[in-house]
Amino acid sequence: MVRTVVGETKSIAVTEGVHQGSVLSPFLFCLVLDSLTEAAQNSATWTFIYAEDVAICTDSRAHLQEALVSWKHQLQTGGLVLSVAKTQFMSFNDPDTNNSPISIDGQLVKSCDQYKYLGSMMSGSGDLEINIQHRIAAAWLKWREVTGVNWSTGDDCKT
């Protein structure tokens, strides 16, 4: 069934899936994930979703804990699994001075000081220097790859 502005269509039999590598696959995944987690997204201050990469921003550890439980529950209702092993959190000016741990079903979520999200490096201190250095290094590597020039610290220069 398809919901439209004028109502719902009759049931549609799905007889074939989306072909692997189709540009439609990520789009459909985003639609399903967005719809499936709508209630969970409201439990956070901000939620950033790009394909399967999700960043949840809250104002405290307690709210993050609540948001993660909500996300896990919403994903499970759609047959998806939140991977605790791939989940990390980073604190920015954390008001919770007790540094209480974050866990999902008794499994501790790893804390980190730096995190890469969609190619940008973020630091718990809020300092942009790590992202600037990361982008300079990436640009330098790409330039070397394109030009074929390798610079060394010695007197020899290889091309």
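Relative to the longest principal axis of the Cα atoms of the chain, the long axis of helix 24-36 makes an angle of roughly 60 degrees. Treating r as the C-beta distance of residue 35 and residue 111 and R0 as 30 Å, the FRET efficiency rounds to 0.45. Taking the longest Cα principal axis of the chain as reference, the axis of helix 129-147 is set at about 70 degrees.
Given R0 = 35 Å, the distance between the Cβ atoms of residue 131 and residue 2 translates into a calculated FRET efficiency of 0.25.
Can you give me the angle between helix 61-77 and the longest principal axis of the chain, using Cα atoms only, in degrees from 0 to 90, rounded to the nearest 10? Value to nearest ten degrees: 60.
Net charge in the neighbourhood of residue 37 (other residues with Cβ under 12 Å of its Cβ; Lys, Arg +1, Asp, Glu -1) is -2. Considering only 14, 123, 150, the residue lying farthest towards the positive end of the dipole of the chain is 14, judged by Cα position with unit charges set on Cβ. Close lysine pairs were tallied over the stretch 3-120: pairs 8 or more places apart or on different chains with Cα atoms under 19 Å apart number 4. Per-residue Cβ neighbour counts within 10 Å put 36, 28 in the sequence 28, 36, beginning with the fewest. Farthest toward the positive end of the dipole of the stretch 3-120, out of 23, 51, 75, is the Cα of 23, where the dipole comes from beta carbon charges about the Cα centre. Ranking of 33, 118 by neighbouring Cβ atoms within 10 Å, starting from the fewest: 118, 33.
Would you mind calculating the relative contact order of the stretch 3-120 from Cα pairs under 8 angstrom and at least 6 residues apart, reporting the percent as a whole number?
Computed over the stretch 3-120, the figure is 18 percent.
Note on semi-axes √(5λ) of the Cα gyration tensor in Å: of the candidates (1) 42, 17, 13; (2) 34, 22, 13; (3) 37, 28, 13, the value calculated from this structure sits at (3).
FYI, it's all coordinate maths here, none of it is from the lab. Just so it is clear, the structure is predicted and the values come from calculations on it, not from any experiment. So basically every Cβ, Gly included, is an ideal-geometry build from the backbone, and we count neighbours across all protein chains shown.
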